Every structure is written in C-alpha cells, then in structure tokens.
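First the structure, in the form of structure tokens, and then the observations on it.
Readers should treat all values here as calculations from the given coordinates under stated rules, not as data from a laboratory. A quick note: this is a predicted structure, and the numbers were derived from the prediction, not measured. No Cβ is skipped: glycine too gets one built from the backbone with ideal geometry, and neighbour counts run over all protein chains shown.
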Amino acid sequence: MHLADGVLNTPAVLATSVAAGALVVNAVRTLDNEDIPKVSLMTATFFVFALMSFPVGPSSVHPLLGGLIGIILGWQAPLAVCIGLVLQAAIFQHGGFTTLGINTIMVSVPAIIAHIFFKGAMKKKMNITAVAGVAAVISICLTVVILLTVLSLTSPTFKEVGLVLALGHLPLAAAEGVITAGAVKFLMKTRPEILSQYKID
Amino acid sequence: MPEEYIPSLDGNLTYLDKDTFIQRWDPRTKIVTCISLVFLISAVKNPKNIVLICLFLLGIVLFMGLEFKDLIKRTSLLFPFLIFMGIPILFGQGIPISNERKEIVILLAFKSLSSLYLMFIMFFTQPMWEFLGALSFLKIPNSVMSIIFLSWRYVFILGNRLRDMFKGLYSRGFKLKFSKATFNVMGQIVGGMLIKSIDTSDTVYNAMLLRGFDNKIPVSRPRDIGLMDLLKSSISIILLILVLIIERW
C-alpha cells in the first residue's frame, strides 16, 4: 500500500525524502541513454499493474512488482518507482509528496535487494523460476519490514496499524511470488536477452 | 468485466477549464508552492489549525471549478486508507479513547485531505501536457524528463493493452481471483506484455533517434513568471509559516 500525506512526522519526512533522493540520484547518475526506453517501460508497468486488484476476503490487494522491477532494472529501480509514484499521484491522487520518499524506499530498496539476491543465485546456477519467486517474496517481506520500522519510529500509536498491515501483505507476498516466477520464466523462454545482465546459460 | 478490476485512466484526467486566479497561476510557481505547502502542512500540530487549513483549501478547490460530485468521488478514494489507519489508532488501547489518540486521527485525516486538495490544485488547473512541460523548466535532468514523458505515453498504451487482454480472458470465462492458477496466468500476461512493449518501445526510441532526438523532449517555453505568480506563492507560503510560528509560540 502507499502511505498518504499526513502519516509521517517532519523528521521522518525529511529522512525518507533525503534517502529516497539519494537512491534516485544514484540511479540517474548510472543511467545510460540506451536504458531510457527500458526504465520508462518498467515505470509504466509498475503503474499499470498496481491498478489491478485481487479480491482477498472483504478487502483487495494490488501487485507492487518490486521483485520483477529489481530483477530487470537493478540499481535503476528507484528511478522507475519514484516516477511511477508521481504519475499515480497525478492521475489518481494516490500516495502523496511528503510520503513519496518512504513509498519510493518501500518498493525500490526491496527491489535492489531482490536484484542482488537474484544475481547471487544465478551465479550459483540455481533454478531461475524458483529464485525469481523467492526474490519477489523477499521483496514484499522487506517492504513490510521497512514500513513497520518507519511507522514505529514515527509514533508508538502506529504499532496496531503495523500489525494489520503486516497481515494484509501476506497474501500479496504469495501472489507476487507466483506472478514474478511466471513472468521471469516466460521472459527466459521467449526473450532471454532481457535478462542478459545475469549471464544465464 | 475488466473495468471492475482495472480502472480506466482516461476518465481520471481532469482539467478544470475555468478562468480563476488558480488557473491563471504559472504552473512552475504553482508546483513549487503546492509541494512546499504539503511539506509545511506535515509540520502542523494543532488539530484546530489543520481543520481550518483544510476548509480553506476545500473552498479554493470548489472555487476553481471542481464539481461537488467529482470532489466526493475523488475524496472517497482516500477513505479506505483513513479508516485502515484510523481505526487501529483509535481503538488500539480499547475504550475510552484517549484525547491524544483522537488528536492523532484528526491530524492524520485532515493533513491527508489538505494534501489531496493541494494535489487537485496542482494537477487539475492546467492541461497535463502543460504540467509536464512546466516540470522541464524546473531543472529536472533531461534523461529523467524523457523517462517521465515516455512513461506517460506507455502508461496509456499498457493500460489499454491490459484491459484488452482481460476482455479476451473474460470472454473465455476467466475470473480474477486469489488462486495460483490466476497468478500463473498473470505472470504470463506480465511477461507477454513486457516483451511486446519492449519491442514497441525500442522501435519508438530508435525512430526518435533517427529523427534527431538527443534525449531532450522539446517543449514550448512557458510564459515568464509574473509578479502576481510570485505574490500568490509567497503569500500562501508565508501564511502557513506564520501559522506554524504562532502554533509554537
């Protein structure tokens, strides 16, 4: 879920904005012109698939695809996520500007970790589909951990909210694991060069 | 129907074509002011002040031409989030609810609403191409602006493609539910759409390069920032800073 404005206190807003800004600046500095179409496309993918919602009991969840974005973009993921969030704010007024930092961190840091995990696993020649699924599950779990940490640092009253949030993300972790595994398997079958950075045989 | 799960993008783009002082405000100064105000609002600590600020912004939003029905529809999108955050905070330590918890929920709700109204002011008072053009003149790197412009285009292409895919799936009896089979199908859809879109994006990008694209999207130069634009920005920012100073006096 995206946090809306008003949740974080001023120190948390400043800290998360600076941290997210550093991630985005790093992504921009390492961006080659040839990467622009790929990053734009992943930004749109992040945006469009976040519009879908699966019914879970009385509520619904929507995919974040942090794991998949991390696997495809690596360290450029923060740029795609940040722009995707700005577009969501522009069209649907989802999220906010004081929470743009934390929302970017919540998706892009797990995406980078998923990328590192996937890269390490590929070097060890592990099963690509299983690894992609696990990377996606790890990414969702990390998203929850980051969210809970920031909320608990903001105010002790958010403790109860954190528990509800953590439970709400469990089905999402399962869903994203299967979706990402399926997507990566499909990419490997039909267009392996998209994942050429991992030097998979 | 796919619309049940994938909302239409076109219906959510609003431009309030009315001649008010907000629409006449230069987009660059308006963007900087609205973002500054959102950050300043996050520092408000008094529930009465935040309610007043929120009502003031609501008045501006209605004045600039947003219909009441549309306002309710768009504001209601925030309600699940507020309920989700508010109820555990209010009842987290049982009944009676302490004043501190009530204050936190009031601050949370009205800060979120105020920021939402500032987003309406920022996004709905000029056409989106003018908004994106204004961003280009705010010292944002060319590569980032190129990604923003291209993503803006791809969002609509992918959105329509996804809706078409779902129409096809629905006509074959597919139901979007929380099951492994659904997620397997979703994985293949994501993969398929990525491949198709990467091909499209590469073709478009190469065509742009052949036509002399140098990673800078050309946009027309906006009019000069006038005294009134600066006045609107400084008055609104100074007023909010004054509220914060008085609050901490």
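Suppose each label sits 7 Å from its Cα in the direction of the beta carbon; what would the residue B:77-residue B:13 distance come out to in nanometres?
If labels sit at residue B:77 and residue B:13, their model points lie 1.5 nm apart.
How much net charge surrounds residue B:193 when only other residues with a Cβ under 13 Å from its Cβ are counted (Lys, Arg +1; Asp, Glu -1)?
Result for the local shell: +2.
Given the pairs B:30/B:69; A:38/B:69; B:73/B:175; B:45/B:232, which span a C-alpha to C-alpha distance of over 29 angstrom in this model?
A:38/B:69, as the Cα separations exceed 29 Å there.
Rounded, prolate or oblate: which fits segment B:115-182 when a ≥ b ≥ c are the square roots of the eigenvalues of the alpha-carbon gyration tensor, with rounded for a/c under 1.5 and prolate only if a/b beats b/c?
prolate
Of A:23, A:85, how do they rank once you tally other Cβ atoms within 10 Å and put the fewest first?
Fewest-to-most ranking of A:23, A:85: A:23, A:85.
Return the loop-located chymotrypsin sites (Phe, Trp or Tyr not before Pro) in segment B:12-42 (DSSP other than H, G, I, E, B) with at most 16 other Cβ atoms within 10 Å of their own Cβ; answer none if there are none.
Filter output for segment B:12-42: B:15, B:21.
D for the protein assembly as shown, whole µm²/s, Stokes-Einstein with Kirkwood Rh over alpha-carbon pairs at 10 °C and 1.306 mPa s: what number?
It comes out at roughly 70 µm²/s.
Ignore the peptide's own chain and count Cβ atoms of other chains within 10 Å of each Cβ in B:150-163; give me the average, rounded.
Average neighbour count from other chains, rounded to a whole number: 6.
Ranked highest first by average number of other Cβ atoms within 10 Å, how do A:10-16, A:24-30 line up?
In descending order of packing, they fall as A:10-16, A:24-30.
How shielded is A:91-103 by partner chains, expressed as the average number of their Cβ atoms within 10 Å of its Cβ atoms?
6
Order the peptides A:108-117, B:185-194 from the highest to the lowest mean number of other Cβ atoms within 10 Å of their residues.
Per-residue mean Cβ counts within 10 Å order the peptides as A:108-117, B:185-194.
Sequence gap at least 6, Cα distance under 8 Å: using those rules, report the relative contact order of chain B to the nearest whole percent.
38 percent
Which value, in debye to the nearest 20, gives the size of the charge dipole of segment B:142-210 about its Cα centre, when Lys and Arg are +1 and Asp and Glu are -1 at the Cβ?
480 debye
Show which lysines lie in cross-link reach of residue A:119 when reach means a straight Cα distance below 18 angstrom and same-chain residues fewer than eight apart are skipped.
A:185, A:199
What angle, in degrees between 0 and 90 and rounded to the nearest 10, separates the Cα long axis of helix A:77-92 from the longest principal axis of the Cα atoms of chain A?
Tilt relative to chain A: about 50 degrees.
Neighbouring Cβ atoms within 10 Å as the yardstick, rank B:18, B:30, B:139 fewest first.
Listing B:18, B:30, B:139 from fewest to most nearby Cβ atoms yields B:139, B:18, B:30.
To make sure I understand the rule: partners must be aspartates and glutamates, Cα under 18 Å from the Cα of residue B:139, and not fewer than 8 residues away in the same chain. Which ones qualify?
Hits, sequence-local ones excluded: B:26, B:130, B:214, B:224.
Averaged over its residues, how many other protein chain Cβ atoms are within 10 Å of peptide A:146-159's Cβ atoms?
For this peptide, the per-residue mean of nearby foreign Cβ atoms is 2.
At a Förster distance of 35 Å, what's the computed FRET efficiency of residue A:196 paired with residue B:51, Cβ-Cβ distance as r, to 0.05?
Approximately 0.05, to the nearest 0.05.
Among A:89-102, A:149-162, what's the highest-first ranking by average C-beta atoms within 10 angstrom per residue?
Descending mean neighbour count gives A:89-102, A:149-162.
Need the list of aspartates and glutamates near residue A:124 for cross-linking: C-alpha distance under 20 angstrom, and skip anything on the same chain fewer than eight residues off.
Those aspartates and glutamates meeting the cut-off are A:193, A:201.
Rounded to the nearest 20 Debye, what is the dipole magnitude of the protein assembly as shown about its Cα centre when Lys and Arg each give +1 and Asp and Glu each give -1 at the C-beta?
640 debye
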